[in-house]
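Participant: Pasting a structure below so you can have a look.
Values quoted throughout were computed directly from the atomic coordinates according to the rules given, and no laboratory measurement underlies them. Quick caveat: nothing in here was measured; it's all calculated off a predicted structure. Cβ coordinates were reconstructed from backbone atoms using ideal geometry, including for glycine residues, and neighbour counts include every protein chain displayed.
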């Protein structure tokens, strides 16, 4: 079982979004299976960001880098499902060297303890009944912020969540604009444009990539729902995104189909009288070493009402 509840997130800040459909397809995948397939590694890291500078121009703490949260989310993914937070922490600790230097090992170890505790507590927060209600959403975000401040100091908060919080503020502003009955449609459009202009370059790029990714996901879901042929998918994607993106998406469709078929076979064996040794052997036959880290999480995700397929949570 997983000790981390799915939780709720307003901004999609757990992985960087590419600005173009083709880049997004190549790095993260699209469609119903998303990152569960063999070609999808743990959250794809952007190129190492330049060292952050403080207000005086001095180099900031290198440990508190812009990809710090991505590293811990990758560790969570690699650790897989665990029966308890302590087991999860042990698994993550065993993989620290893959993401942090020896000089930062002790510091990273201490932070991962608090990060797991935070993620467990986050899963217990109640999501707003209507995520489109600005007032309810603001209350929920304030509760989440209090939880973050309980587990992290100011420097850690900035490194872990600053980018997401910027998008959250924009999303909340956009919802308030859309719910403002005193504004005409043209006024709402201009107000949203002005709010978006206040985002930093990186967040505008992330928002554009997120919108492109969502459009691709919706399109692929529609293809699946009506059983569209590979030829129809390729033709529509080629017209929208060009040859390169259409080819990449076709490859991802094929990989997703293979992943789901292998996951089905493993799930059937698990429901039968197969022994743990037999399941381990079958897992080694069907999945790569990287994929084996995600089997249980994918199967658990299938059981969730919104899970559908066995994509990586």
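Participant: Take residue 258 and residue 98, extend 7 Å from each Cα along the Cα→Cβ direction, and tell me the distance between the two endpoints in nm.
Facilitator: 2.1
Participant: Then there's this: Quick check: residue separation of residue 236 and residue 290 times 0.36 nm, minus the Cα distance between them. What number comes out in nm?
Facilitator: Using 0.36 nm per residue and subtracting the Cα-Cα distance, I get 16.2 nm.
Participant: Quick one: 234, 241, fewest Cβ neighbours within 10 Å first, how do they rank?
Facilitator: Final ranking by Cβ density, sparse to dense: 234, 241.
Participant: Let me ask you something else. Consider just the alpha-carbon atoms of region 154-281 and return their Rg together with their Dmax, both in angstrom.
Facilitator: 21.9, 66
Participant: Using Cα centres only, tell me the gap between region 213-230 and region 68-134 in whole Å.
Facilitator: So the two Cα centres are separated by 32 Å.
Participant: Would you mind computing, in nm to one decimal, how far apart the modelled labels at residue 225 and residue 135 are, each placed 7 Å from Cα along Cα→Cβ?
Facilitator: Output for this residue pair reads 3.3 nm.
Participant: Among rounded, prolate and oblate, which fits region 224-289 when a ≥ b ≥ c are the square roots of the eigenvalues of its C-alpha gyration tensor, a/c under 1.5 means rounded, and a/b larger than b/c means prolate?
Facilitator: Verdict is prolate for region 224-289.
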